[in-house]
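Heads up: the structure comes next, in structure tokens.
The values are calculated or read from the model by the stated rules, or taken from the named source; none is laboratory data. Predicted model, so just to flag it, every value in this text is computed and none were measured. Every residue, glycine among them, receives a Cβ derived from its backbone with ideal geometry; neighbour counts consider all protein chains shown.
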Amino acid sequence: MEDLLFLVHRIPYPPNKGDKIRSFHLLRYLSGHYRVHLATFIDSKSDAKYRERLSHYCETTWFGTLSPPLAKLRSLIGLLKGEPLTLPYYRSTSLDTWIRDLLPVYPIRHVLVYSSGMAQFVLGHEFDGMRRLIDFVDVDSDKWRQYSLSKPFPMSWIYRREAERLADFERKVAARFDASLFVSGQEAALFTQGPGVDPDAVFVMRNGVDADYFSADPSRPSPFAGEGLRLVFTGAMDYWANGDGAIWFVESILPKVRRVFPQVEFHVVGMNPTPPVRALGQVPGVRVTGSVPDVRPYLQHATAVVVPLRIARGIQNKVLEAMSMGRPVVTTPQALEGIPAESGRHVLVAADPDAFVAQLVRLLSGGYADMGPSARALIERDFVWEASLERLLPLLGEAQSIAIGGKAPC
């Protein structure tokens, strides 16, 4: 086996949130084809215990401790220097040293970087002879642009500045690397609109879902007490877009649904709810669970799964998981990006509160009985991890061996 350096901004285990799901599947797949040298940050004390487990997939490892409050303070350096705040957030002399100590010992010819902030460690000329790929996943700079539109000054100015500076850095990285990966055709197309981006070096690698794991089990008990109509929204609730979606649903959609179905409950299921999200639990009909050991019982026994995201990038794992469980899903168009699902057949799409209410009322009234099985069939056909990850091997080969071409379809 040849050696591969894999840089990830957050420890890729446990695979319980979007970025960690994708990065873990990448690591597990790569370990079957390369001797992997993994470098990653641990930003939560509860994740430190997984270092040994990940070491089983790797030849060598480097785990750095990242304190989010201190990292945010370091980001101020970027503000003073005119660089993206993302870069000093992850900057580490210790990681720089580990990489440079690694190079004389192992013949590393392949590099995979997960997320733009980690690319800074392999931009030196000593890496020019290596095959470098970056998995941007989403166009992060555009996410900051979207955030800037919904925040008051001065945060709107800071987010807009980050969008501009990070976009410049993303294009610099893409020009230096051999290939750039994105989770959907929409993200790839958005990135190639930027100046100086070679579309033939931009590729799509979809997310997948473990359809065996996320499948209905008749013996799985319900986490809910008694009978009722349950709407479930899952995700890490310290992520701003998820929190915003939960609050928007409770304020603008749920009251209208409960006028028709007073017994409806809305369950917000996910780790680290912020104070505003936790406060939703005081609203009649709303339950905020916090972290749960297994999200599958909530999905399986939900009357419907809702994904009320107003800001979303790339493919949403929460949508794939709910579809894989065979549950009806009501989602905004933003959260359906990259998933070729047909509204009314595989999912229900609602662009505004009134449409969301109308779709839910019809669903709760007994409509769309065949939607769950149709959603499951789509997952089994189009969203298998192995099929997506097969793209990596030719891209990590030498330039002349690549046979899959750029501008990959979704």
Please work out which one of (1) in a helix (DSSP H, G or I); (2) in contact with a helix residue (DSSP H, G or I) (Cβ under 8 Å, 6 or more places away or on another chain); (3) under 23 Å from Arg258 (Cβ atoms) is the condition Arg362 fails and give its number.
(2)
Return yes or no: is Phe356 assigned to a strand (DSSP E or B) and either modelled with pLDDT of 95 or more or not small (Gly, Ala, Ser) (or both)?
no
Can you name the condition, by its number, that Glu227 falls short on among (1) modelled with pLDDT of 95 or more; (2) more than 16 Å from Thr289 (Cα to Cα); (3) not small (Gly, Ala, Ser)?
(1)
Subset of segment 296-311 that is surrounded by fewer than 24 Cβ atoms within 10 Å (Cβ to Cβ) and assigned to a loop (DSSP other than H, G, I, E, B) - its residue that is modelled with the lowest pLDDT:
Ile311
Can you spot a residue in segment 144-166 that is out of contact with any Asp or Glu (no Cβ under 9 Å at 6 or more places or on another chain), under 30 Å from Trp385 (Cα atoms) and among the charged types (D, E, K, R)?
no
Leading residue by the ranking (surrounded by the most Cβ atoms within 10 Å (Cβ to Cβ)) among those in segment 56-90 that are polar (S, T, N, Q) and more than 23 Å from Arg100 (Cβ to Cβ):
Ser75
So which residues in segment 129-179 are of a type in the set (Gly, Ala, Ser), assigned to a helix (DSSP H, G or I) and within 25 Å of Val111 (Cα to Cα), if there are any at all?
Ser141, Ala167, Ala174, Ala175
Could you give me the residue pairs with C-beta distances under 6 Å whose first residue belongs to segment 68-81 and is assigned by TED's automatic domain parsing to the domain that holds Lys45, whose second residue is basic (Lys, Arg) wherever it lies, and which are 6+ apart or on separate chains?
none
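Only one residue in His37, His33, His9, His56 is within 17 Å of Leu395 (Cα to Cα) and either at pLDDT below 95 or of a type outside the set (A, V, I, L, M, F, W, C) (or both), so which one is that?
Sole residue among the options that is within 17 Å of Leu395 (Cα to Cα) and either at pLDDT below 95 or of a type outside the set (A, V, I, L, M, F, W, C) (or both): His33.
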Does Ser180 satisfy the condition of being touching a Gly at 6+ places or on another chain (Cβ under 6 Å), polar (S, T, N, Q) and either buried (at least 16 other Cβ atoms within 10 Å of the Cβ) or at pLDDT below 95 (or both)?
no
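Return the residues of segment 355-370 that are closer than 27 Å to Asp244 by Cα and touching a residue at least 40 places away in the same chain (Cβ under 8 Å); say none if nothing qualifies.
Phe356, Val357, Leu360, Val361, Leu363, Leu364
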Considering Thr274, Thr234, which residue is over 23 Å from Gly372 (Cα atoms), at pLDDT 95 or above and among the polar types (S, T, N, Q)?
Thr274
What are the residues in segment 283-325 that are touching a Leu at 6+ places or on another chain (Cβ under 8 Å) and not aliphatic (A, V, I, L, M), if any?
Gly285, Thr303, Gln316, Glu321
